[in-house]
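The values are calculated or read from the model by the stated rules, or taken from the named source; none is laboratory data. Everything numeric here is computed off the predicted structure, so don't read it as measured data. All Cβ positions, glycine included, derive from the backbone under ideal geometry; neighbour counts span all protein chains shown. All accessible areas refer to the heavy atoms of the entire protein, side chains included, with ligands and DNA or RNA removed. Shrake-Rupley method; radii C 1.70, N 1.55, O 1.52, S 1.80 Å.
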Amino acid sequence: MKTDHVEYTTFSGWVDPPTDVRPALGEDVTCEVAVVGGGLAGMSTALRLAEHGRDVVLLEAEFCGHGSASRNAGQVAGAPGGDIQLLSMLYPRRFPAIVRMADHAGHFVEQLIERLELDCDYEPTGNVCAAVSRGQMGRVRRVTKLLRKAGAHVELGTSAELGIPRGFLGGMRESVGGILNPGKFSLGIRDAVLASGARVFERTRVTDVTRNDGHLVIRTAGGEVRADKLVLATNAFGGELPLAPRRLSSPIWVTEVETEPIDPARLAALGWTSRSGMVTQHNIMENYRLTSRDTIVFGVRRLQRGKHHPLPVRTPDAAVVADLARAFETRFPALADVAAARAWGGWVAITSSWLPLAGRIGDDVYYSVACNGHGLAQAPYVGSLLADLIADGEAHEDLKAIWVKKPKFPRPVMMGAPGLRTIWTVDRFNDLVNGSRRNARRA
Ligand SMILES: Cc1cc2nc3c(=O)[nH]c(=O)nc-3n(C[C@H](O)[C@H](O)[C@H](O)COP(=O)(O)OP(=O)(O)OC[C@H]3O[C@@H](n4cnc5c(N)ncnc54)[C@H](O)[C@@H]3O)c2cc1C
């Protein structure tokens, strides 16, 4: 795969930034609820609160959808992320509730697309946890059993049965969810928020939050917001605000690459008849998906730790793009001559428990991190559940499943640069030993 003419972007390969960015806050305002962060979580919270008739202000540092909301791979998952074997072992009682929440999140996104008439190229294909080796197939079998027992809608199959390319041995399909263009999806939600009763201020970075006279005072360069309640929906950027719980999550940079358009006949020859998005069963997954513009978007495989807040605006490293290109050639040897056209990346928030979280600090500050690489469905769902809680005082069962009683979080394990590098090395070693390269070449 050629990588010498890759267009590197600091935003996303899926869409251009909006041309109607809203003005920054330029005066002091008051409201009932302030939401900080206009990603999928924050926009859904603000939209739902506005639908409840609440007086809500949304503050976004750049423009709504600027973060991972528009940068992700667009694979809407209907099952939890992370290491399922580990999660089910560590949290045996909560696990079925987390599985149910993830399933509901997938359905929620489908209903949102329909209700808001979002033009986002959604295809309800499901997604496949795909195995590139016998070792990975064994892992998929164990994961399928655990997820089925917990109530998930998953099926095991060979690559032919699942309609995925023959270079993969088989896998487990999550039938809920599918693939979409995340840029169109998040900018579509942005349009809905802008058209709602919520007051939206873009180019408005929150620099501090304090309590004064029973109110929250939210500071920005152009003015202050006095609010009764606050929702922190800043995802990986949470550590930038002193009020956010310490060690809530680790910011991790992940990369996606898109190929040049591929002749439809060559795509058809892959045997990818289901068009399901795929994630491999490595410790750090590789993801592959088709797009409506006859390209393949693929990524992750390497996690890069953000060292300091504020997190930098950046493009992917050429070495990471080259590593992803090598993986692409291995998984799709018949497309080895296809060139990589563009690359981008974004910050995800990884929690130390690898579980999605939501909670409250005092009586008036709410937060959620529903991500760990699965936030495309879970972030808007949890954001909307938080809005319902604020509006009605009633917590939905799915919110209870991820609710944190005390905002105290342990130091994350293996999330430093050496740990992440070690995990990558273990994955490459396993690829070699398990002969995933050989399997793909045979296909
Ligand atoms: C490359 C990549 C691939 C991914 N692939 C998938 C996938 O296929 N499937 C899946 O389910 N998930 C995927 N994810 C994860 C998913 O995109 C995220 O979990 C989800 O988008 C996070 O929620 P969010 O949209 O609310 O966060 P974000 O979009 O990051 O929103 C946070 C917002 O807060 C704003 N902000 C931060 N600090 C401040 C401040 N101080 N003041 C004002 N505003 C502030 C930021 O500008 C940003 O817009 C991927 C993520 C990335 C980066």
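Label sites at His309 and Arg93, each approximated as a point 7 angstrom past Cα along Cα to Cβ, lie 3.2 nm apart.
Give, as ranges by residue number, the residues of segment 224-260 whose backbone N falls under 18 Å from the point 7 Å along Cα→Cβ of Arg421. Answer for this model: 252-254. Peptide packing: for 76-85, 153-162, 417-426, the average count of neighbouring Cβ atoms within 10 Å per residue gives the ranking 76-85, 153-162, 417-426, highest mean first. Ranked by the mean number of other Cβ atoms within 10 Å of their residues, highest first, the peptides 175-184, 118-127 fall in the order 175-184, 118-127.
Computed from Cα atoms, the angle from the helix 40-51 axis to the main principal axis of the chain rounds to 50 degrees.
The residue among Leu118, Ala131, Gly74 whose Cα reaches farthest toward the positive pole of the charge dipole of the chain, with charges on the beta-carbon of Lys, Arg, Asp and Glu, is Ala131. A DSSP coil position with no more than 14 other Cβ atoms inside 10 Å describes the following trypsin sites (Lys or Arg not before Pro) in segment 54-133: Arg93. With each label modelled as a point 7 angstrom along the Cα→C-beta vector, the Lys149-Trp403 pair spans 2.8 nm. Can you tell me how the chain classifies by the Cα gyration tensor, rounded, prolate or oblate, using a/c under 1.5 as the rounded cut? Prolate, because a/c is 1.5 or more and a/b exceeds b/c. Shape of segment 197-356 from its Cα gyration tensor (a ≥ b ≥ c, root eigenvalues): rounded if a/c is under 1.5, otherwise prolate when a/b > b/c, or oblate? Prolate is the answer for segment 197-356, as a/c is 1.5 or above and a/b outweighs b/c.
Once the Cα-Cα distance is subtracted from the 0.36 nm per residue extended length, the Ala322 to Thr207 segment shows a gain of 37.7 nm.
The long axis of helix 182-195 is offset from the longest Cα principal axis of the chain by roughly 20 degrees. Working note: Cα gyration tensor of segment 264-330, eigenvalues times five, square-rooted, sorted largest first, giving semi-axes of 28, 13, 12 Å. For the pair segment 390-423 and segment 301-321, the centres of their Cα atoms are 22 angstrom apart. Net length available on complete extension from Val29 to Met414 is 134.3 nm, with 0.36 nm assigned per residue and the Cα-Cα distance removed.
Taking the longest Cα principal axis of the chain as reference, the axis of helix 134-149 is set at about 40 degrees.
Sort out for me the Cα centre separation of segment 143-160 from segment 92-110, rounded to whole Å. First find each Cα centre; the distance between them is then 15 Å. Each residue, Thr158 and Glu394, gets one label point 7 Å from its Cα in the Cβ direction; the gap between the two is 5.0 nm. Of the solvent-accessible surface of the chain, computed with a 1.4 Å probe over protein heavy atoms with every protein chain present, carbon and sulfur atoms account for 52 percent. Ordering of 311-317, 129-135 by packing is 129-135, 311-317, highest average first (other Cβ atoms within 10 Å, averaged per residue). The Thr273 and Arg226 beta-carbon pair, evaluated with R₀ = 60 Å, returns a calculated FRET efficiency of approximately 0.60.
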